[in-house]
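> Here it is, the structure in full.
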Amino acid sequence: CGGLISNSSGTLQSPFYPGSYPNNADCVWEIQVENNFRVMLMFRDIVMQSGRCQYDYIEVYDGPLHSSPLLGTLCSGSFPTYISSSNMMTVRFHSDSRYTFRGFQAHYSSIPADHNTTLLCLPDYMHAVVSRDYLQSQGYSAQLVTLNDNRCKPTVTSHEVIFNIPYNGCGTIREENVDTINYSNTIKVTSSGNIIKRKKNIHLHISCKMLQNTWMQIMYVAEDTVDVNENQFGRYDMNITFYDSSSFLRQVHDSPYYIDLNQNLYLQAYLHSSDPNLMVFVDTCVASPDPHDFNTLTYDIIKNGCVRDSSYATYYSPYSHFARFKFNAFEFISRHTLVYLQCELVVCRLGDYSSRCYQGCINRSKRDTSSATEKVNVTVGPLQRREVGAQSRNTG
């Protein structure tokens, strides 16, 4: 019942198909294929409670569930085909507590997107590529392609015009709304005639949006006969590093990191992004002997911004992209050979005092989700207790 699907093609079906599906089911499948491909979803069989699709139904979304347009809602009748505008599509199946039927079966596959333009939202810049063949087919040369800020020049190769557009320069516009931070720019292709022109200008609108746990990448053409809509999905780049002292000058590169009981452990979280108006907040850090399980056997160091370990302390950081903190090695490590640490880090807008980053210790049920934030989980380790009398293996 639901899950993330990353194969290039496959089959979706309701639970127990072709047997009757269970009552009170709510299944969400996220289909994510390769960049520069789109998802084509074809329904082969639908037998559900008919009517206005208010009791049992299937919903198809053009991207993530909570932030994408609804392509269609169905429960019986015809077998439609849907094509996403990006490399991601979400399918939701819902049943109520009354009647039950055979359900549905659908097949999905990957189809190539339009290769006239491509876009990648990288940590430091937007990487936009326009095909010279496409420009030539519209009657334009590569020399006519500019950005909002025409001082930022592209790299022109024999086949492509390539822009590396920073998030905080070259005319990039930064907008904020309820749940996203949006960076946008425009690649313009303008007719060279000074007095009259017989061809429409081409505007390639580029947009990178921060949505919850994903970057959503959009490029589309305005004022032209061809409507290109390029969407891709990626993720923020974040890491945590151990340091050997509170000066945070020398990183610890050893793995495992050998430590003594009650030894001070210094950590720095780092967000890799060129936007200086973002900040990092350490929301939760949990220790576990299993790097894949942070639920069964754990020790909380900080939880929802509330300090649970008395040795936890924060340090001043010279940049908002860094968060520095420490705690002492604890008795937990004496009972387990290796210990791993998983921290949930939150990215917010700098100076947005309504966001999670400025709220400190707060109960999860009372969190304000009105401001744009992104939560990123990072796991570090292992930590291993040094044997009594052993020399430090971390020297140098």
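> Can you find a residue in region 69-88 that is among the hydroxyl-bearing types (S, T, Y), surrounded by fewer than 17 Cβ atoms within 10 Å (Cβ to Cβ), in the same structural domain as V47 (by the TED database) and farther than 28 Å from N23 by Cβ? Even if it seems obvious, please write down each step before you answer.
Taking region 69-88 and keeping what is among the hydroxyl-bearing types (S, T, Y), we get 73, 76, 78, 81-82, 84-86.
Retained after the next criterion (residues that are surrounded by fewer than 17 Cβ atoms within 10 Å (Cβ to Cβ)): 73, 76, 78, 81.
After this cut, where a residue has to be in the same structural domain as V47 (by the TED database) as well, the list is 73, 76, 78, 81.
Filter once more, so that each one left must be farther than 28 Å from N23 by Cβ: 81.
Yes, region 69-88 has at least one match.
> While we're on this one: Would you list the strands (runs of 3 or more DSSP E) that sit entirely within region 1-47 and hold 3 or more residues that are more than 27 Å from the chain's Cα centre (by Cα)? Step through it out loud before you land on a result.
Details: elements: 3-5, 9-13, 26-32, 37-47.
Once the strands (runs of 3 or more DSSP E) in region 1-47 are filtered for at least 3 residues that are more than 27 Å from the chain's Cα centre (by Cα), what remains is 37-47.
> Taking the condition touching a residue at least 24 places away in the same chain (Cβ under 8 Å), open to solvent by 40 Å² or more (accessible area, probe 1.4 Å) and closer than 29 Å to N201 by Cβ, does Y99 pass?
Details: touching a residue at least 24 places away in the same chain (Cβ under 8 Å): yes; open to solvent by 40 Å² or more (accessible area, probe 1.4 Å): yes; closer than 29 Å to N201 by Cβ: no.
Spelling it out, it is not the case that Y99 is touching a residue at least 24 places away in the same chain (Cβ under 8 Å), open to solvent by 40 Å² or more (accessible area, probe 1.4 Å) and closer than 29 Å to N201 by Cβ.
> Also, quick follow-up: Name the one entry in F43, F37, F93, F16 that is in the same structural domain as Q105 (by the TED database), touching a strand residue (DSSP E or B) at 6+ places or on another chain (Cβ under 7 Å) and open to solvent by 60 Å² or more (accessible area, probe 1.4 Å).
Working: F43 fails: open to solvent by 60 Å² or more (accessible area, probe 1.4 Å); F93 fails: open to solvent by 60 Å² or more (accessible area, probe 1.4 Å); F16 fails: touching a strand residue (DSSP E or B) at 6+ places or on another chain (Cβ under 7 Å).
None of the other options fit; the residue is F37.
> Quick check on region 283-290. Is at least one of its residues small (G, A, S) and open to solvent by 10 Å² or more (accessible area, probe 1.4 Å)? Step through it out loud before you land on a result.
In the first step, residues of region 283-290 are kept if they are small (G, A, S); the result is 287-288.
Restricting the remaining residues to those that are open to solvent by 10 Å² or more (accessible area, probe 1.4 Å) gives none.
Checking region 283-290: not a single residue is small (G, A, S) and open to solvent by 10 Å² or more (accessible area, probe 1.4 Å).
> Please find, within region 294-315, the residue that is modelled with the lowest pLDDT out of those that are among the aromatic types (F, W, Y) and open to solvent by less than 40 Å² (accessible area, probe 1.4 Å).
Per the criteria, the residue is F294.
> In addition: Would you check which residues across region 236-256 are part of a strand (DSSP E or B) and over 18 Å from S317 (Cβ atoms) and list them?
Here is the first cut: in region 236-256, the residues part of a strand (DSSP E or B) are 238-243, 251.
Of everything in region 236-256, nothing turns out to be part of a strand (DSSP E or B) and over 18 Å from S317 (Cβ atoms).
> Pull up region 316-341, narrow it to residues that are touching a Gly at 6+ places or on another chain (Cβ under 9 Å) and either closer than 20 Å to G305 by Cα or at pLDDT 85 or above (or both), then point me to the one that is surrounded by the fewest Cβ atoms within 10 Å (Cβ to Cβ).
Step one: of region 316-341, the residues touching a Gly at 6+ places or on another chain (Cβ under 9 Å) are 338-341.
Applying the additional criterion that residues be either closer than 20 Å to G305 by Cα or at pLDDT 85 or above (or both) yields 340-341.
On the way: Y340: 20, L341: 23.
Once the filter is applied, the top-ranked residue is Y340.
> Would you please list the contacts, defined by Cβ atoms under 8 Å and residues six or more apart or on different chains, that run from a residue in region 142-159 that is aromatic (F, W, Y) to a residue that is at pLDDT below 85?
none
> Which one of these does D244 not meet: (1) over 29 Å from S355 (Cβ atoms); (2) of a type in the set (D, E); (3) modelled with pLDDT under 80?
The number of the failed condition is (3).
> Which pairs have Cβ atoms under 7 Å, sit 6 or more apart or on different chains, and link a residue in region 1-19 that is within 8 Å of Q105 (Cα to Cα) to one that is acidic (D, E) and open to solvent by 60 Å² or more (accessible area, probe 1.4 Å)?
none
> Considering only residues of region 168-189 that are open to solvent by 60 Å² or more (accessible area, probe 1.4 Å) and at pLDDT 70 or above, which is farthest from Y134 (Cα to Cα)?
Step one: of region 168-189, the residues open to solvent by 60 Å² or more (accessible area, probe 1.4 Å) are 168, 173-179, 188.
If we keep only those that are at pLDDT 70 or above as well, we get 168, 173-176, 188.
Working: N168: 29, I173: 26, R174: 29, E175: 30, E176: 33, K188: 14 Å.
The selected residue is E176.
> Out of all the residues in region 267-278, is one or more closer than 18 Å to A329 by Cα and touching a helix residue (DSSP H, G or I) at 6+ places or on another chain (Cβ under 6 Å)?
No; the residues of region 267-278 include none that is closer than 18 Å to A329 by Cα and touching a helix residue (DSSP H, G or I) at 6+ places or on another chain (Cβ under 6 Å).
The values are calculated or read from the model by the stated rules, or taken from the named source; none is laboratory data. Please read these numbers as outputs of a predicted model, since none were measured by experiment. Quick reminder, even Gly has a Cβ in these numbers, built from the backbone with ideal geometry, and neighbours come from all protein chains shown. Protein only, heavy atoms only, side chains kept; ligands, DNA and RNA dropped before computing areas. Shrake-Rupley method; radii C 1.70, N 1.55, O 1.52, S 1.80 Å.
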